[in-house]
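Heads up: the structure comes next, in structure tokens.
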Amino acid sequence: MFKNLKTPIPIWVNVVQIILVLIMLMQVFWYYFDHGVILESGVTLAGIPDLNIIYTLGGRTATLALGAIFVLITQNPKQFLVVLFMNIVREGQEMIIDPLFPLADATATPTVDFWVHVVIVIIEILAFVAVFRVARREDAGDSDL
């Protein structure tokens, strides 16, 4: 079935993107269905406004996950660049926010959390560069027509 599937996107970039999608889908599940995990992190859900924020986060995270799934299916390098850019911006912000405002059930110290995010952002930047090169090669190939 998939033996003729050829993709210009490096396999390692697809693997990174799949891992990020799984993490986002897990977060979406928590936001929509498992508020116990949210409460354990120290976030209070005292009423409708708090639920509005949690469900909004769920909707936005679900949108990012669905966009990432779409580019995994299409394997279009230019679309992949948009999703990778969004990942870099999201993780880059979390790199600052998470250590400054750690969750109550954080499994790492703020310093460790910061460096973990630095590594993740570096991997995402490397993935972006790899896909950017693929997109440029494809553009150069189109100009020969």
Quiz item: Can you tell me which of L39, L57, L64, L72 is more than 20 Å from I125 (Cβ to Cβ), in contact with a helix residue (DSSP H, G or I) (Cβ under 9 Å, 6 or more places away or on another chain) and either modelled with pLDDT under 95 or surrounded by 13 or more Cβ atoms within 10 Å (Cβ to Cβ) (or both)?
Solution: L57
Exercise. For the stretch 103-117, enumerate the residues that are farther than 19 Å from V21 by Cβ and touching a helix residue (DSSP H, G or I) at 6+ places or on another chain (Cβ under 6 Å).
Key: D105, P110, D113, F114
Quiz item: Out of the stretch 44-56, which residues are free of Cβ contacts under 8 Å to residues at least 24 places away in the same chain and either in a helix (DSSP H, G or I) or within 22 Å of T107 (Cα to Cα) (or both)?
Solution: T44, L45, I48, P49, D50, L51, N52, I53, I54, T56
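Residues are listed down the side, and each one gets a yes or a no for (1) in contact (Cβ under 8 Å) with a residue 24 or more places away in the chain; (2) exposed (fewer than 13 other Cβ atoms within 10 Å of the Cβ); (3) under 21 Å from the mean Cα position of the chain (by Cα):
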residue	(1), (2), (3)
L103	yes, no, yes
T107	no, yes, yes
H117	yes, no, yes
R133	no, no, yes
R136	no, yes, no
G141	no, yes, no
Quiz item: Quick one: would you say I19 is part of a helix (DSSP H, G or I), more than 15 Å from A127 (Cα to Cα), among the aliphatic types (A, V, I, L, M) and free of Cβ contacts under 8 Å to residues at least 40 places away in the same chain?
Solution: no
Quiz prompt | Subset tally (residues that are touching a residue at least 60 places away in the same chain (Cβ under 8 Å) and among the acidic types (D, E)) for the stretch 22-43 | solution = 1
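The values are calculated or read from the model by the stated rules, or taken from the named source; none is laboratory data. Here the structure is a predicted model, which means the values were calculated and not measured. Every residue, glycine as well, gets a Cβ built from its backbone with ideal geometry; the counts of neighbours run over all protein chains shown.
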